[in-house]
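Please read the structure below before turning to the comments.
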Amino acid sequence: MEKIYTKNAPEAVGPYSQATVSGGLIFTSGQIPINPASGQVEATDISEQAEQVCKNIKAVLESAGSSLDKVVKTTCFIKNMNDFAAFNEVYAKYFTNRPARSCVEVSALPKGVLCEVEAIAEV
């Protein structure tokens, strides 16, 4: 198993890797809307936060030799299901290959953010 790290995505906020590679697949940890340049959550609404999350996923995948086009499954967590349409609008710009997906509302996310996404992709 190979651990993935890139400075182009946020540092892990706990005892985990940004992603791991095993069996020809990349498993990303959940990405939240932390700007990797500042280490802070700067976006305030669901669209801005989803944008940063997708950029973070893209950076992790690219550092592992993959891309958003090779994603086969995502799991999305949103704080408020009323944000579902706005989240989808941003998500659709990045995941154009339409991978399998689960999306659930959760009561809380790290650092009080509005969304988090994890992905599984082919190398």
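The values are calculated or read from the model by the stated rules, or taken from the named source; none is laboratory data. Everything numeric in this text was worked out from a predicted model, so none of it was measured. So basically every Cβ, Gly included, is an ideal-geometry build from the backbone, and we count neighbours across all protein chains shown.
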Subject >> the range 15-51, residues that are within 21 Å of residue 114 (Cα to Cα) and without any contact (Cβ under 8 Å) to a residue 12 or more places away in the chain >> reply: 37, 38, 40, 42, 43, 44
Original post:
For the range 6-116, which fully contained strands (runs of 3 or more DSSP E) count at least 1 residues that are over 14 Å from the mean Cα position of the chain (by Cα) and modelled with pLDDT of 95 or more?
Top reply: 19-22, 25-28, 100-105
Original post:
Pick from the range 1-17 the residues that are in contact with a strand residue (DSSP E or B) (Cβ under 9 Å, 6 or more places away or on another chain), hydrophobic (A, V, I, L, M, F, W, C) and surrounded by 11 or more Cβ atoms within 10 Å (Cβ to Cβ): which of them is nearest to residue 86 (Cα to Cα)?
Top reply: 9
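For every residue, the table says whether it meets (1) surrounded by fewer than 21 Cβ atoms within 10 Å (Cβ to Cβ); (2) closer than 16 Å to residue 93 by Cβ; (3) of a type outside the set (Asp, Glu).
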residue	(1), (2), (3)
19	no, no, yes
22	yes, no, yes
41	yes, no, yes
48	yes, yes, no
57	no, yes, yes
73	yes, no, yes
82	yes, no, yes
